[in-house]
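S.K.: Can you read through this structure? Questions will come right after.
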Amino acid sequence: DIPTSQMLSSLNVSELKALAKKNGLSGYSSLHKAELTALISQTLMDSERLSHQLSLFYPNEIEDLMEGVKTGSLYYTGDAMPSLFRRGYIQADMFAMVITQETLDLIRKILKRASFKKEQARMGKLRHYLEACVYFYGICDFDQPARIYEACEGEAIDPFVFADAYFDGLKEVSM
């Protein structure tokens, strides 16, 4: 069980800056290694941020993640693991993938929240609209599923929510 800060301290400054960039952080370019490590560690342990990341996964991907943790066999398959890896929640080398106990405890806590289940259901619905538009219309922008969602659900939605569901480490929606 390696703490998140210790796992991050094994990275060099350029790797830490790349990780900060992938996590959408700003103001990190002049930070030293210890400061970068602290900033990224704090970001990774932000439960709302991780909750949002997890809400983008299909339920079976979360089941695969938790099964992999239980059996000690985390595999770089599907979209969940690469997404968590890119953001630094999981570290990997040629031989193994590692998720810290802190991150795992936070994931377990998030998965139990009723608000997470609600957000996961909402993101699942949005993915269905997006996938349907791609399948039926060969979508080229995110305004189309937003308009269809509004017509069907009676609720206006920001098209960037669909962009988030599509680009934020999730699915390559294909026919």
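The values are calculated or read from the model by the stated rules, or taken from the named source; none is laboratory data. From a predicted model like this one, the values you see are computed outputs, not experimental measurements. With ideal geometry, Cβ positions are generated from the backbone for all residues, glycine too; neighbour counts draw on all protein chains shown. With ligands, DNA and RNA removed, areas are computed over all heavy atoms of the protein, side chains included. Shrake-Rupley method; radii C 1.70, N 1.55, O 1.52, S 1.80 Å.
S.K.: Take every Cα-Cα distance within the chain, group them into 5 Å bins from 0 onward, and report for each bin the whole-number percent of pairs it holds.
M.R.: Cα pair-distance distribution for the chain, in percent: 1, 8, 16, 18, 18, 15, 11, 8, 4, 1, 0.
S.K.: Now for a separate question. Glu67 to His52: extension gain in nm, 0.36 nm per residue of separation minus the Cα-Cα distance?
M.R.: Between Glu67 and His52, full extension yields an extra 3.4 nm.
S.K.: Could I ask something else about it? Okay, which of segment 27-70 sit inside 20 Å, backbone N to the point 7 Å along the Cα-Cβ direction of Ala114?
M.R.: The answer is 48, 51-52, 55.
S.K.: Could you give P(r) for segment 10-62, binned at 10 Å from zero, as whole percent values over all Cα-Cα pairs?
M.R.: Binned Cα distances yield the sequence 23, 45, 24, 7, 0.
S.K.: Output the 0 to 90 degree angle, nearest 10, between the alpha-carbon long axis of helix 114-137 and the longest principal axis computed from the alpha carbons of the chain.
M.R.: Here the helix axis deviates by roughly 60 degrees.
S.K.: Now for a different question. Among Ser55, Ser29, Ser41, which one shows the biggest mean-square fluctuation in a GNM of the chain, springs joining Cα atoms closer than 10 Å?
M.R.: Its mean-square fluctuation being the largest, the pick is Ser29.
S.K.: Heads up, I need the accessible area for Val134: 1.4 angstrom probe, whole protein in place, Å², nearest 10.
M.R.: We get 20 Å² for Val134.
S.K.: What distance in nm separates the two pseudo spin-label positions at Tyr28 and Glu15, each 7 Å out from Cα along the beta-carbon direction?
M.R.: Each label point is offset 7 Å from its Cα along the Cβ direction, giving 1.4 nm.
S.K.: Here is a further query. Of the options Gln91, His32, Ser73, report the single residue whose Cα projects farthest towards the positive end of the charge dipole of the chain (beta-carbon charges: Lys, Arg +1; Asp, Glu -1).
M.R.: His32
S.K.: With +1 assigned to the C-beta of every Lys and Arg and -1 to the C-beta of every Asp and Glu, and no other charges, what is the dipole magnitude of segment 21-93 about the Cα centre in debye, to the nearest 20?
M.R.: 360 debye
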